[in-house]
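*Asks:* The structure's right below; bear with me while I get my questions together.
The values are calculated or read from the model by the stated rules, or taken from the named source; none is laboratory data. All values derive from a computational prediction rather than experimental measurement. Neighbour counts run over all protein chains shown; Cβ positions are idealised from the backbone, glycine included.
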Amino acid sequence: MTVTHDACPSCGRRWTLPRTGCPSCGAAPRRSVSSGHGSVAAVSVVHPPSGASYVLVLVDLDDGVRAMGRGGPGLAVGTRVRAATEDGLLTFGEA
Amino acid sequence: MAITAHVAGIAATPYGRQPGRTALDWQAAAAGAALADAGLVAPDVDAVICGYATTAGHLMPADLLAERIGARPAIAHGTSAGGATGLVMLAQAVRLVRAGDARAVLVVGGEDRRSGQTTETSTRTLAQVGHAELEVPLGGTVPAYYALLASAHLAARRLSPADLAPLAVQMRAHAATTPGAHLTEPITVDDVLASRPVAEPLRLLDCCPVSDGGAAVVVTAAPAAVAVTGVGEAHRHQHLTEADLDDLGARRAASTALDRAGRTVDDVDVAGVYDSFTVTLAILLEEIGFCAPGTAGADAAAGRFARDGALPLNTHGGLLSYGHCGVGGGMAHLVEVVTQLRGTAGARQVPDAPRVGFVHGDGGVMSAHASAVLEVV
């Protein structure tokens, strides 16, 4: 699974989730593919009322944008990670 | 001459697990009590604004409520801004009154959120504040989004979960003497840390309960004991992935409201700040400027938010202990602050006759922010 983000061709601002206009200058963005490398910005082990627990992370990608994904084992804030696909979900594991 | 908006009527029902009433029943009960408090009847109202109810999903909640209570307003509409809805509706009511377009606005929230659906349905519905393709399918839920905020917050300030727990302890202590509170049994920091993990670092006692109940206020041009001297909003993102954690919008909304009132945070005598989770309250208090970065929990532990503290906060017990019935949840803070400013809070009255109140609501994942300044006239 590739990690994508938007980049503004006019002012250079980048962000993750698809938008139809740049929040700084209003220009139409272009979709770009990220390297998928970054550092963990936040991590949570989620315990649903039923079913197995799982890890969610926010990752600050080296491209300057943030992404949410599942997390592999042993992650803490600051851990270097890279993106992969596990069970069809974007998952960040220790780099 | 400029028109000043006043809060002439307030009401909050008891919150808790109270099966047998629909969302509309709770809204009508709260509306009737707020109108009676204002000395008005429903036909006196010329605008009705009503918050969404997840259990009802009605297309036009304000018209539905207006008919039920016997109001035939010139202006009526529903509002959806998550947990900020109550104060967004207050802000809109104030604007209508200031503009001269309405003289008595009824603002209502109420829902059978606890009893009207299963916990699984509630969790799934609320999770939709996350991104439908890039967050929710990962297992995103509201507690999980706030847990990620908590993880980042604690790491940036070199704190541990024990540093948030005193906020839950203080809210519970407030609720112990509030009639109608959902949770009243005293708790300690150790109790919070020993409670079941929900989405780490958040545990069960870091999270508000889900309740049934309703709240309402009447905003008028006619004079009343408490005026709304400033309102403000900010809407910087919808999804956590797009949030600027250093500028979530709380400071912007609060500054707009305080500037309009000619006040600063130092002028506030009593406050009601949204507290869906302990970390919600910590982040909002610190971003708005009531607390220095990383100190909200320590301030709670030191008694700063007690009734006789320097900043009496959520003196009814907040969402964390008075309870959370959806839109009404954040409105109970407003009802409580007005009650304190009126000096009618009884056993839980803040001493020394508070004159300046502040309320703040947060919707989504720190997505929608609304603030108001209330003052004794």
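*Asks:* Of all residues in the range B:336-377, how many are among the charged types (D, E, K, R), part of a helix (DSSP H, G or I) and surrounded by 22 or more Cβ atoms within 10 Å (Cβ to Cβ)?
*Replies:* Of the residues in the range B:336-377, 1 are among the charged types (D, E, K, R), part of a helix (DSSP H, G or I) and surrounded by 22 or more Cβ atoms within 10 Å (Cβ to Cβ).
*Asks:* Here's a follow-up. Could you tell me whether A:Ser44 is of a type outside the set (Val, Ile, Thr), in contact (Cβ under 8 Å) with a residue 40 or more places away in the chain and surrounded by 14 or more Cβ atoms within 10 Å (Cβ to Cβ)?
*Replies:* On the way: of a type outside the set (Val, Ile, Thr): yes; in contact (Cβ under 8 Å) with a residue 40 or more places away in the chain: no; surrounded by 14 or more Cβ atoms within 10 Å (Cβ to Cβ): yes.
No.
*Asks:* Could you tell me whether the range A:22-38 includes any residue that is in a loop (DSSP other than H, G, I, E, B) and closer than 21 Å to B:His153 by Cα?
*Replies:* Checked against the condition, which is being in a loop (DSSP other than H, G, I, E, B) and closer than 21 Å to B:His153 by Cα, the range A:22-38 yields no hits at all.
*Asks:* Has the range B:119-128 got any residue that is farther than 22 Å from B:His237 by Cα and either in contact (Cβ under 8 Å) with a residue 12 or more places away in the chain or buried (at least 18 other Cβ atoms within 10 Å of the Cβ) (or both)? Explain how you work it out, then say what you get.
*Replies:* Quick first cut of the range B:119-128, residues farther than 22 Å from B:His237 by Cα only: B:119-122.
Checking which are either in contact (Cβ under 8 Å) with a residue 12 or more places away in the chain or buried (at least 18 other Cβ atoms within 10 Å of the Cβ) (or both) leaves us with B:119, B:122.
Checking the range B:119-128: at least one residue is farther than 22 Å from B:His237 by Cα and either in contact (Cβ under 8 Å) with a residue 12 or more places away in the chain or buried (at least 18 other Cβ atoms within 10 Å of the Cβ) (or both).
*Asks:* I've got another one for you. Which of the residues belonging to the range B:237-269 are β-branched (Val, Ile, Thr) and in contact with a Lys or Arg (Cβ under 9 Å, 6 or more places away or on another chain)?
*Replies:* Matches in the range B:237-269: B:Thr241 only.
*Asks:* Could you tell me whether the range B:101-114 includes any residue that is charged (D, E, K, R), within 22 Å of B:Asp44 (Cα to Cα) and surrounded by fewer than 24 Cβ atoms within 10 Å (Cβ to Cβ)?
*Replies:* yes
*Asks:* Look at the range B:119-138 and say how many of its residues are within 25 Å of B:Pro209 (Cβ to Cβ) and at the interface with another protein chain (Cβ under 9 Å from one of its Cβ atoms).
*Replies:* Going through the range B:119-138 one residue at a time, the tally reaches 5.
*Asks:* Any idea how many residues of the range B:44-59 are under 13 Å from B:Gly326 (Cβ atoms), assigned to a strand (DSSP E or B) and out of contact with any Pro (no Cβ under 6 Å at 6 or more places or on another chain)?
*Replies:* Qualifying residue count for the region: 1.
*Asks:* Quick check on the range A:46-95: of everything there that is part of a strand (DSSP E or B) and polar (S, T, N, Q), which residue is nearest to the other protein chains (Cβ to nearest Cβ)?
*Replies:* Of everything passing the filter in the range A:46-95, A:Thr91 is nearest to the other protein chains (Cβ to nearest Cβ).
*Asks:* Could I ask something else about it? Looking at (1) modelled with pLDDT of 95 or more; (2) buried (at least 16 other Cβ atoms within 10 Å of the Cβ); (3) β-branched (Val, Ile, Thr), which one does A:Thr20 not meet, given that it meets all the others?
*Replies:* (2)
*Asks:* Across the range B:235-260, which residue is surrounded by the fewest Cβ atoms within 10 Å (Cβ to Cβ) among those that are closer than 21 Å to B:Ala5 by Cα and in contact (Cβ under 8 Å) with a residue 60 or more places away in the chain? I'd like the intermediate steps shown before the answer.
*Replies:* Step one: list which residues in the range B:235-260 are closer than 21 Å to B:Ala5 by Cα, which gives B:253-260.
Retained after the next criterion (residues that are in contact (Cβ under 8 Å) with a residue 60 or more places away in the chain): B:253-254, B:256-258, B:260.
Numbers: B:Ala253: 31, B:Ala254: 29, B:Thr256: 20, B:Ala257: 27, B:Leu258: 25, B:Arg260: 17.
Across the range B:235-260, the extreme among qualifying residues is B:Arg260.
*Asks:* More than 12 Å from chain B (Cβ to nearest Cβ), surrounded by 13 or more Cβ atoms within 10 Å (Cβ to Cβ) and either under 15 Å from B:Ser151 (Cβ atoms) or of a type in the set (Ser, Thr, Tyr) (or both): does that describe A:Ser32?
*Replies:* On the way: more than 12 Å from chain B (Cβ to nearest Cβ): yes; surrounded by 13 or more Cβ atoms within 10 Å (Cβ to Cβ): yes; either under 15 Å from B:Ser151 (Cβ atoms) or of a type in the set (Ser, Thr, Tyr) (or both): yes.
Yes.
*Asks:* Please determine, by comparing only the residues of the range B:139-164 that are crowded, with 23+ Cβ neighbours inside 10 Å and touching a Gly at 6+ places or on another chain (Cβ under 7 Å), which one is farthest from the other protein chains (Cβ to nearest Cβ).
*Replies:* Ranking the qualifying residues of the range B:139-164, first place goes to B:Leu164.
*Asks:* On to the next question. Please count how many residues of the range B:202-223 are farther than 30 Å from B:Ala150 by Cα, part of a strand (DSSP E or B) and of a type outside the set (Gly, Ala, Ser).
*Replies:* 4
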